[in-house]
Structure formats: C-alpha cells, structure tokens
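The values are calculated or read from the model by the stated rules, or taken from the named source; none is laboratory data. All of these numbers come straight from a predicted model, not from anything done at the bench. Don't worry about glycine lacking a Cβ; one is built from the backbone with ideal geometry, like all the others, and counts go over all protein chains shown. Calculation scope for accessible area: heavy atoms of the full protein, side chains included, ligands and nucleic acids excluded. Shrake-Rupley method; radii C 1.70, N 1.55, O 1.52, S 1.80 Å.
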Amino acid sequence: MILDGKCPTGPIEKTWDKHRFDLKLVNPANKRKYTVIMVGTGLAGGAAAASLGELGYNVMAFCYQDSPRRAHSIAAQGGINAAKNYPNDGDSIYRLFYDTIKGGDFRAREADVWRLAQVSNNIIDQCVAQGVPFARDYSGYLDNRSFGGAQVSRTFYARGQTGQQLLLGAYSALSRQIKAGTVKMYNRREMLDLVVVDGVAKGITCRNLITGEIESYAADAVCLATGGYVNVFYLSTNAMGCSVTANWKAYKKGAFFANPCYTQIHPTCIPQAGDYQSKLTLMSESLRNDGRCWVPKKKEDLGKHPSEIPDEDRDYYLERKYPSFGNLAPRDIASRAAKEQCDDGRGVGPGGRGVYLDFSDSIKRLGESTIRERYGNLFEMYEKITDENGYKRPMRMYPAPHYSMGGLWVDYNLQSNIPGLFVLGEANFSVHGANRLGASALMQGLADGYFVIPYTIGGYLATVKPGTVTTANPEFKKSVEDVNGYANKLLSINGKKTVAEFMRELGGLMWENCGMARSKESLETNLKKIPALREEFWKNVKVTGTGAELNQDLENAGRTADFLEFGELLCRDAHHREESCGGHFRVEHQYEDGEAMRDDANFCYVGAWEYKGDGKEPELHKEPLKFENVHLAVRSYK
Amino acid sequence: MSDHKTMTLTLIVWRQKGPNAPGKFETYTAKGITEHHSFLEMLDVVNEDLIKSGKEPIVFDHDCREGICGMCSQVINGVPHGGQERTTVCQLHMRKFKDGDTIYIEPWRAKAFPIHKDLVVDRSAYDTIIQAGGYTSCHTGGVPDGNAVLIPKPDADYAMDAAECIGCGACAAACPNSSAMLFTSAKVAQLAALPQGKAEAAERVKNMLETMQECGFGNCSNHYECQAACPKGVNVKFIAKLNREYLKSLAS
C-alpha cells in the first residue's frame with residue numbers, strides 16, 4: 001500500500017495556515033460532550049492534555065509515574081530551538097526548517113517540518129508566560145546558545161535543565177486544568193492495550209500499578225504521547241520505565257510502525273563502567289559549545305595523564321574532519337567519529353571506549369566561574385558518577401542510545417492509520433527524519449502538544465458522534481481478559497532466568513549488531529538470535545509475586561516481552577533499508593571517507609510496518625517523500 | 001576505574017506489604033559491590049538475588065537515575081537521600097560506603113505520604129498543592145512575545161534557584177513537623193519573583209498554604225532539616241519569601 005501523509009499542498013510557507021483554516025471546528029458548547037484519552041504526560045502529552053482541557057474537552061490523562069511531573073522529558077538538559085532570530089545572526093523559520101530537513105538526512109516530510117519551525121516561536125512565548133525561568137542576559141532579554149547542526153544561536157535554555165523547566169511549565173498548566181476539573185489525572189497506570197471498535201480507536205486498557213487491577217477507559221479519541229524506545233538497547237539515557245509497550249500494543253492492534261531503525265546514538269555520554277550498570281548518563285550537547293573533543297594522536301600516549309599530552313600530539317578529530325561545524329557537528333556524525341577513533345585503538349579510559357571532552361581552553365579564555373555558571377550542574381553530575389573533576393581533567397565521553405526518530409506512523413494531522421488514534425512527540429515518527437538535531441525534541445513535543453493537536457483533533461472529532469462507545473462494549477471486556485491472561489502467563493512460567501538477564505542479553509545483541517554500525521550479516525544474526533531469545537524467555541523467565549499487587553518484576557517482564565518482539569522489527573527495518581542515512585549506518589553503504597551514503601533513488605520513503613499476526617512477517621508500506629523546497633543533496637558539515 | 005575490590009554490606013530494609021499491613025525491618029546481604037555501583041544498582045544486585053531465590057524483591061521508586069525526575073525516595077541511615085550534599089539516592093555512589101558497613105533503608109515518613117509498599121510512598125499531596133495555585137493562569141496561545149517583558153537577570157536567576165525543586169518529598173520527610181514549606185515556598189517564590197506571576201501572587205500563596213495544611217503537612221519551625229536534605233540545594237530563604245508574600249496577601 002502507498003501511504004498518504006495528507007500533507008497540504010501549495011507554497012510551503014502557507015501550508016499550515018491554510019490547513020488550519022480548512023480544518024473543521026467543534027463549537028465550544030459541543031466540546032464538553034467529547035472525551036479524549038491522553039497516554040503519557042511529558043512535554044507532548046502534558047501540553048496537549050492541558051490545552052485540550054482548556055478548550056473544553058473532557059480529558060483523561062494517564063502516566064506510569066507517581067506524578068505527571070516526572071516524565072522523562074524532565075531529563076533533557078541543553079535547550080529548545082526556536083527561530084526567533086533574537087541574536088540577529090541570520091536565523092529564520094526557513095533556516096530552522098532547512099537545518100532540520102538536512103539534519104534529518106532528508107528523510108522527513110517537508111510540510112511537517114515547516115509547521116514545526118513555524119510554531120517554534122510561539123512555544124518560547126508560551127513558556128515565558130508560564131513562568132519558565134529561561135536564561136537572561138544582564139539587559140533582561142532572553143539568552144541563546146548554539147547546538148549541533150546549526151550555524152546560528154537559536155537555542156533557549158534554563159541552566160542545564162531546560163527539559164525540567166519546560167516540563168514543569170506544562171505540568172503547571174496541566175495542574176490548573178486538573179483543578180478546573182477538565183482533566184482527570186490517572187497516575188501509576190500503564191497502558192497495556194488499545195481498544196479498537198469497528199476499526200476505530202475508542203479506548204485503552206491499563207494496569208493500575210498500585211493495586212494490580214486491570215482497568216478500561218472509553219473515549220472518542222485516544223492520543224499516545226508515550227515517548228521513545230531506545231531502552232531496547234538495555235543501556236541508554238532513557239529512564240528505567242521508558243518502554244515501547246504502549247506503542248507496541250497499538251502496533252499489534254493495527255497501527256503502522258514507521259522507520260523503527262532510525263535510532264539516535266548521542267555522542268557525549270558517560271562511558272559504561274561495569275556490567276552491573278543500569279543506565280547511561282548523558283552530558284548535554286551544549287557542552288560542545290565550549291568543550292573540545294580529542295583523542296591522543298599516538299597510541300603510546302594512551303596511558304598518560306591528559307595534561308601531559310601536548311597540543312600537537314592531540315587529535316581534535318571533529319575540528320579536523322568538519323572544520324565549518326567543528327565540535328558542533330550533528331549527533332550521528334559526532335558519534336560515528338568518536339567510534340572511529342576508538343576503533344582505531346586511540347580511545348581513552350577503560351576498554352579504550354572513550355574520547356576526551358576538554359574545557360581547559362575555555363576555562364583559560366572565559367574563567368572557571370563562567371564555565372561553572374553555564375554548566376555547573378553537569379560538571380557536578382559527572383563528578384558524582386565518575387569521581388573525577390571535569391574542571392581539572394578532561395571528561396571522558398562515549399556515545400550511547402538516546403532518542404528514537406522512528407515511531408508510530410502519523411499523517412499531517414498526527415493521526416495514525418487507525419482513525420481516532422493520534423500520536424504525539426517522540427512516540428511518532430514525523431519530523432526528525434533519520435537524525436534529530438539537538439534541542440529539537442523539546443521543540444517537537446511542545447509543538448505537537450500546544451499548537452498542533454488542539455487544532456487537528458477537532459478536525460477529527462467534528463466528524464464523529466460523541467460517546468457512542470462505552471466500556472460496556474464487548475471489545476473492552478475482551479481486552480481486559482486478554483491483558484489479564486497475558487499477565488497470568490508471565491507469572492506462571494516460573495523459570496530460572498530473571499527478567500533483567502533477558503533484557504541485558506537483548507540489549508547486548510542490539511548494541512553489538514544493530515547499534516552505531518550495522519551490516520547485512522550482523523542484522524541477519526539478530527534476526528535469528530532474537531526470536532530464539534524470545535522463545536527462551538517464554539519458557540524460562542522467572543517473575544515473582546502476583547498480579548494483584550504493586551509488582552515491579554511483573555511490570556519489567558511485560559516491557560521486556562514487548563522489546564523482545566520489537567527488537568526484531570527494528571532489525572528487520574534496518575536490514576531492508578540498504579542505504580546509510582542519519583543514525584542508520586550500514587557499513588556496506590559509505591563513501592571512501594566513511595560518510596553515510598544515501599540511496600535516494602530507492603529509499604527516499606518512509607517505511608511503515610503493518611503487524612500481520614504472531615509468527616508472521618510484517619508487511620512494509622511506503623510513503624514516498626517529496627522534496628519541493630529543499631534540494632536532495634549529500635549532507636556535508638565539512 | 002582499575003579498582004576491582006568489592007564490598008560486602010549488611011542492609012536493614014523496611015518491608016511492608018501494603019498501606020494497612022504492619023511493616024518490619026528485614027536483613028539482607030549485598031555482595032560483590034564495587035565503589036562504582038550507584039546505591040540503586042547495589043539494590044538491583046540484591047533484588048536479582050532475591051528473585052533467583054524465589055523471594056519478593058524490595059520495591060522502591062526510581063526512574064531517570066540521573067537525579068532530576070524526583071522519583072527515588074529512600075531514607076538511608078536516617079537521612080533522606082543518604083546525606084551526601086545535593087545528591088538524590090540514584091546519584092549516591094557506593095564509594096561513600098565501606099566494606100562491612102551496615103545500612104538502614106526506610107521509606108519517606110510523613111503523615112501526608114502514606115506507604116504503598118516497602119519503600120514506595122504516595123506523594124500525590126504534592127500534586128494537590130501545585131493544583132491549588134502553582135501556575136500562572138495563561139491560556140495556550142495569545143501570550144505576548146518572550147522578550148516583551150524584560151526580566152532582570154538577578155530576578156531570573158532567583159526564580160531559577162527556586163525552580164530547581166524536583167518535588168521528591170525529601171524536605172517533608174526530613175522535617176520533624178513533616179512540613180512541606182520548602183516545597184511550597186519554592187513554587188510561590190519562583191512565580192512571585194517574575195512579572196508573569198505577580199498578578200495572582202496573593203491568591204496563590206493563600207491557596208497553596210491552606211492546601212498544604214489540609215493535606216496533613218505540619219508547619220515550619222525553622223529546623224532547616226529540609227534544606228540540608230534537599231538534593232537540589234533549595235534554600236530556606238524561599239520560606240522567608242513565602243512568609244512575606246503571605247503577609248502581603250493578608251493586607252491586600
């Protein structure tokens with residue numbers, strides 16, 4: 001099937017305005033007759049729930065944490081992009097649009113990216129109005145810094161915790177609506193099924209994580225704002241609870257999964273220290289504004305203290321390879337460059353898996369206090385984890401899984417191929433192509449939540465009669481039975497291996513064979529080993545306790561079971577895409593200098609997978625990508 | 001990093017089946033722990049052993065494991081988050097302990113934070129306090145340009161210092177009165193310092209303070225235990241700010 005993204009046509013700069021006018025409206029008195037389910041309360045879900053509640057819809061919002069304020073958006077450090085052009089350095093909506101398309105290696109839809117760039121400015125205004133304490137300069141104006149893949153300073157920030165401040169802004173707006181009674185909040189609920197009635201999304205089934213009760217909720221539309229799936233690598237920068245589960249359950253109910261192989265490996269994370277490790281910690285890309293990446297030129301210098309290695313014996317490899325972007329090369333490129341140095345035997349630290357991120361030049365130029373003011377909390381975090389002082393000795397960094405560009409397929413209205421199912425933020429695939437630029441995730445989450453879904457969901461709801469389906473419908477009863485049955489099955493296996501052992505094993509396979517470099521052979525290895533591991537899981541996993549209580553072992557078992565299915569789909573997608581683009585690097589497809597080689601003649605499309613049943617091969621659907629405003633070109637940051 | 005020495009520790013952990021079940025301390029041994037393990041990774045090791053021997057693992061809240069989500073919440077040797085300055089439990093590392101140490105681990109203890117199970121408590125009272133007024137009532141859309149109102153850098157920095165709060169609950173858990181004044185004041189002070197928050201400042205402080213008391217938190221009697229326990233270093237000066245804002249609201 002050829003998929004249609006239903007993008008508006010005509011001059012790109014008019015597309016969103018025209019589309020907004022063309023969308024049907026629901027009149028204020030009728031809005032309260034409609035109920036919308038919002039799963040996930042991060043930047044996208046929190047902003048959307050608050051905005052829809054304010055418009056007058058009845059919103060039921062769900063999160064697995066104990067409070068909507070804890071969604072993993074909170075961990076974003078560096079900043080949020082907007083095309084304000086406050087620094088007068090040449091920025092514009094068009095340039096943000098262009099940078100994002102190019103940064104994504106020409107694998108995103110033009111119209112979606114244009115809209116994102118257009119509403120980026122509204123987001124900053126909205127957050128300021130909420131009281132988000134963005135950094136200001138001494139004149140009282142908003143301050144900006146630079147991020148990777150851009151030659152302008154368009155990133156707004158709140159110290160090294162921009163995600164926290166933006167999320168707390170959305171959370172405050174959400175709290176206001178909860179108080180007003182337009183949003184009913186359900187904390188500590190994990191969505192375990194999407195309920196589809198006559199082909200239309202009408203509700204969800206979830207587990208109350210405190211009591212273990214399986215509960216169903218019906219609505220006129222369901223929105224998933226359930227984040228990304230890079231915990232499939234086991235070690236990632238995601239929170240421990242981040243999973244593919246909600247998206248995977250929707251996939252199994254018919255929603256297409258688009259571009260799962262587009263995963264982002266972030267270049268600057270604290271290297272792994274041991275096998276016991278449960279997660280990796282990111283160090284913001286903003287550090288590359290003032291830090292320089294290097295490794296020793298000579299292998300014999302590897303054992304030396306970095307300060308003993310003179311400047312001429314250091315290889316500032318990003319500045320050498322990409323002189324015009326230098327240390328602010330985009331993430332996919334910076335990550336591969338770090339791997340290249342380590343593979344060449346010049347990596348530093350345990351196992352040779354690390355590069356230096358050095359601030360000594362900046363400290364000399366600006367003083368330690370300026371660096372402390374800009375990044376103090378990051379240096380503090382680095383020291384807590386590694387017991388090393390980043391002001392005195394260069395930090396050690398290594399790439400780690402961080403973000404998923406792929407996600408559920410959506411059209412321009414953020415609606416999936418299942419009518420009534422909308423997907424927001426990282427959970428959808430829409431704007432980042434094959435690589436996301438730094439400080440664009442926060443932008444997308446809030447754009448979808450504040451300024452896109454409030455319009456587009458109205459266009460759908462105006463076409464449906466409210467309240468036609470309730471939880472009395474047999475589909476809901478069946479859903480509850482299925483979810484209960486699944487939990488009981490997990491609890492009854494009583495094997496010998498723990499859930500964590502399976503997850504570590506899957507993560508190892510994914511990182512080794514489907515990580516920063518992928519080949520036909522390595523992917524075929526995974527396509528054999530993952531199903532075997534899955535089979536072993538269902539025979540030999542040990543899950544303690546019962547279903548009728550707070551049972552974290554059972555929660556993890558369910559998430560792992562889904563990753564064991566999803567990991568295979570990710571590898572299948574990576575296997576079919578015989579080109580390199582953005583975060584997807586196939587070793588067979590590269591230029592002589594090691595840069596990614598796209599194949600626009602054969603792969604300039606979105607690959608969306610349809611579930612065909614357990615044990616059956618999923619079917620690939622394609623949505624061709626058309627570039628009418630940006631010329632397809634080899635992406636160069638040299 | 002070359003240090004391969006491992007530690008063995010004795011853990012004395014609060015176990016409680018449910019909100020109304022009686023709780024008690026149980027003793028466990030943590031073996032093979034290195035100085036690079038985080039505190040929660042040490043508990044992961046203990047839980048793996050418990051699961052393998054068919055026992056129920058220790059239930060504890062955690063999520064981001066990088067000190068920002070505010071989910072982790074354990075009283076370690078009598079101190080919320082374990083006593084390392086400006087550090088959450090998840091960022092506490094085992095290099096702060098010695099081989100052979102005995103460690104007591106308990107949940108937050110406060111009337112307004114009932115225990116769900118083991119080390120997991122219900123902190124929804126903090127959400128209730130924010131819902132009482134911890135926001136500016138701006139609509140989505142229809143707001144002025146971000147630079148339309150200038151905010152002097154010292155004011156923006158002051159607001160940011162207050163906004164560092166991660167809502168973990170350590171302040172109330174540390175307070176002999178189980179007061180949530182540090183938490184409440186951080187939001188009141190952040191918004192009162194900014195022009196956007198001034199319009200509703202009087203109503204906000206009254207409503208949030210009233211709600212705090214209704215939720216079952218005590219009042220502040222200047223022990224400063226909250227500031228000592230706060231993993232983000234939120235300062236008690238914000239409580240003074242809250243008190244000033246409250247007095248102003250009575251006059252308005």
When both residues are 6+ apart or on different chains and their Cβ atoms are under 7 Å apart, which pairs have a first residue that lies in region A:216-244 and is closer than 26 Å to A:V197 by Cβ and among the charged types (D, E, K, R), and a second that is open to solvent by 10 Å² or more (accessible area, probe 1.4 Å) and part of a strand (DSSP E or B)?
-> A:D220/A:T35
Checking A:M395 against (1) within 14 Å of chain B (Cβ to nearest Cβ); (2) open to solvent by 10 Å² or more (accessible area, probe 1.4 Å); (3) in contact (Cβ under 8 Å) with a residue 12 or more places away in the chain, which test does it fail?
-> (2)
Within region A:419-430, can one find any residue that is on the phi < 0 side of the Ramachandran plot, open to solvent by 10 Å² or more (accessible area, probe 1.4 Å) and under 19 Å from the mean Cα position of the chain (by Cα)?
-> yes
Within region A:476-525, tally of residues that are open to solvent by less than 60 Å² (accessible area, probe 1.4 Å), closer than 19 Å to A:S236 by Cα and touching a residue at least 12 places away in the same chain (Cβ under 8 Å) = 15
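Kindly provide the set of residues from region B:61-83 that are under 21 Å from B:C165 (Cβ atoms), more than 8 Å from chain A (Cβ to nearest Cβ) and part of a loop (DSSP other than H, G, I, E, B), ordered by number. Step through it out loud before you land on a result.
First, the residues of region B:61-83 that are under 21 Å from B:C165 (Cβ atoms): B:61-76, B:79-83.
When the remaining residues are screened for being more than 8 Å from chain A (Cβ to nearest Cβ), the result is B:72-76, B:79-83.
Listed by number, the residues that qualify are B:C72, B:S73, B:Q74, B:H81, B:G82, B:G83.
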Per the filter on region B:177-208, residues open to solvent by 20 Å² or more (accessible area, probe 1.4 Å) and part of a helix (DSSP H, G or I) are B:K187, B:P195, B:Q196, B:K198, B:A202, B:E203, B:K206, B:N207
Which of the residues belonging to region B:209-224 are buried (at least 24 other Cβ atoms within 10 Å of the Cβ) and not in a helix (DSSP H, G or I)?
-> B:F217
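Look through region A:399-413, keep the residues that are outside any loop (DSSP other than H, G, I, E, B) and either farther than 28 Å from A:L570 by Cβ or touching a helix residue (DSSP H, G or I) at 6+ places or on another chain (Cβ under 7 Å) (or both), and return whichever of them is most open to solvent (accessible area, probe 1.4 Å). Reasoning before the result, please.
Filtering region A:399-413 down to residues outside any loop (DSSP other than H, G, I, E, B) leaves A:399-404, A:407-408.
Narrowing further to those that are either farther than 28 Å from A:L570 by Cβ or touching a helix residue (DSSP H, G or I) at 6+ places or on another chain (Cβ under 7 Å) (or both): A:399, A:401-404, A:407-408.
Details: A:P399: 5, A:P401: 3, A:H402: 36, A:Y403: 12, A:S404: 1, A:G407: 1, A:L408: 0 Å².
Among them, the one singled out is A:H402.
Scan region B:92-103 and give yes if some residue there is at the interface with chain A (Cβ under 7 Å from one of its Cβ atoms), more than 15 Å from A:D66 (Cα to Cα), touching a residue at least 60 places away in the same chain (Cβ under 8 Å) and open to solvent by 10 Å² or more (accessible area, probe 1.4 Å), otherwise no.
From region B:92-103, those at the interface with chain A (Cβ under 7 Å from one of its Cβ atoms) are B:93, B:95; that's our starting set.
Pick out the ones that are also more than 15 Å from A:D66 (Cα to Cα) and you get B:93, B:95.
Cutting the leftovers down to touching a residue at least 60 places away in the same chain (Cβ under 8 Å) gives us B:95.
Keeping just the survivors that are open to solvent by 10 Å² or more (accessible area, probe 1.4 Å) gives B:95.
Yes: one or more hits.
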Given the conditions (1) touching a Gly at 6+ places or on another chain (Cβ under 6 Å); (2) farther than 23 Å from A:A329 by Cβ; (3) open to solvent by less than 10 Å² (accessible area, probe 1.4 Å), report the number of the one that A:G433 does not fulfil.
-> (2)
State all residues of region A:81-99 that are open to solvent by 10 Å² or more (accessible area, probe 1.4 Å) and part of a helix (DSSP H, G or I); if no residue qualifies, say none.
-> A:I93, A:Y94, A:R95, A:Y98, A:D99
Residues satisfying the stated conditions in region A:317-345, i.e. surrounded by fewer than 18 Cβ atoms within 10 Å (Cβ to Cβ) and without any contact (Cβ under 8 Å) to a residue 60 or more places away in the chain | A:E319, A:R320, A:G326, A:D343, A:D344, A:G345
Inside region B:67-82, can you point out the residues that are open to solvent by 10 Å² or more (accessible area, probe 1.4 Å) and either among the hydroxyl-bearing types (S, T, Y) or free of Cβ contacts under 8 Å to residues at least 60 places away in the same chain (or both)?
-> B:N77, B:G78, B:G82
Go through region B:52-65 and give me each residue that's open to solvent by 10 Å² or more (accessible area, probe 1.4 Å) and touching a Ser or Thr at 6+ places or on another chain (Cβ under 6 Å).
-> B:E56
Taking first residues from region A:122-139 that are among the hydroxyl-bearing types (S, T, Y) and second residues anywhere that are not in a helix (DSSP H, G or I), the pairs with Cβ under 9 Å that are 6 or more apart or on different chains are A:Y138/B:P152; A:S139/B:L150; A:S139/B:P152
Restricted to region B:131-146 and to residues being more than 33 Å from the chain's Cα centre (by Cα) and either among the basic types (K, R) or within 7 Å of chain A (Cβ to nearest Cβ) (or both), the residue surrounded by the fewest Cβ atoms within 10 Å (Cβ to Cβ) is B:P144
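When residues of region B:130-176 are filtered for being among the aliphatic types (A, V, I, L, M), closer than 23 Å to A:Q161 by Cα and assigned to a helix (DSSP H, G or I), how many remain? Give the steps one after another, and end with the answer.
Taking region B:130-176 first, the residues among the aliphatic types (A, V, I, L, M) are B:130, B:132, B:143, B:148-151, B:156, B:159-160, B:162-163, B:166, B:170, B:172-174.
Now narrow it down to the ones that are closer than 23 Å to A:Q161 by Cα: B:130, B:149-151, B:156, B:159-160, B:162-163, B:166, B:170.
Retained after the next criterion (residues that are assigned to a helix (DSSP H, G or I)): B:130, B:156, B:159-160, B:162-163, B:170.
Of the residues in region B:130-176, 7 are among the aliphatic types (A, V, I, L, M), closer than 23 Å to A:Q161 by Cα and assigned to a helix (DSSP H, G or I).
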Residues being of a type in the set (A, V, I, L, M), open to solvent by 60 Å² or more (accessible area, probe 1.4 Å) and at pLDDT 95 or above: count how many of those fall in region B:1-50.
-> 0
Inside region A:179-202, can you point out the residues that are more than 21 Å from A:E555 (Cβ to Cβ) and in contact (Cβ under 8 Å) with a residue 12 or more places away in the chain?
-> A:A180, A:T182, A:V183, A:K184, A:V196, A:V197, A:G199, A:V200, A:A201, A:K202
Inside region A:582-636, the number of residues satisfying the requirement of being closer than 30 Å to A:A532 by Cα, open to solvent by 20 Å² or more (accessible area, probe 1.4 Å) and part of a strand (DSSP E or B) is 4
For region B:147-159, what are the residues that are more than 31 Å from the chain's Cα centre (by Cα) and either open to solvent by less than 40 Å² (accessible area, probe 1.4 Å) or more than 7 Å from chain A (Cβ to nearest Cβ) (or both)?
-> B:N147, B:A148, B:V149
Set A:V196, A:V232: member being surrounded by fewer than 22 Cβ atoms within 10 Å (Cβ to Cβ) and among the aliphatic types (A, V, I, L, M) = A:V196
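Does A:A117 count as among the aliphatic types (A, V, I, L, M), more than 21 Å from A:N289 (Cα to Cα) and open to solvent by less than 10 Å² (accessible area, probe 1.4 Å)? Steps first, answer last, please.
Working: among the aliphatic types (A, V, I, L, M): yes; more than 21 Å from A:N289 (Cα to Cα): yes; open to solvent by less than 10 Å² (accessible area, probe 1.4 Å): yes.
In short, yes.
For the condition hydrophobic (A, V, I, L, M, F, W, C), in the same structural domain as A:E579 (by TED's automatic domain parsing) and assigned to a helix (DSSP H, G or I), what is the one hit in A:L550, A:L533?
Numbers: A:L550 fails: assigned to a helix (DSSP H, G or I).
Every option except A:L533 fails the conditions.
Within region A:28-62, which residues are hydrophobic (A, V, I, L, M, F, W, C), in a helix (DSSP H, G or I) and more than 14 Å from chain B (Cβ to nearest Cβ)? First the steps, then the outcome.
Taking region A:28-62 as the starting set, the residues that turn out to be hydrophobic (A, V, I, L, M, F, W, C) are A:29, A:36-39, A:43-44, A:47-50, A:52, A:55, A:59-62.
Filter again for in a helix (DSSP H, G or I), leaving A:29, A:43-44, A:47-50, A:52, A:55.
The one that is hydrophobic (A, V, I, L, M, F, W, C), in a helix (DSSP H, G or I) and more than 14 Å from chain B (Cβ to nearest Cβ): A:A29.
Being modelled with pLDDT of 95 or more, surrounded by fewer than 24 Cβ atoms within 10 Å (Cβ to Cβ), closer than 23 Å to A:P330 by Cβ and among the aromatic types (F, W, Y) narrows it down to one residue among A:F156, A:F106; which is it?
After ruling out the rest, the residue left standing is A:F106.
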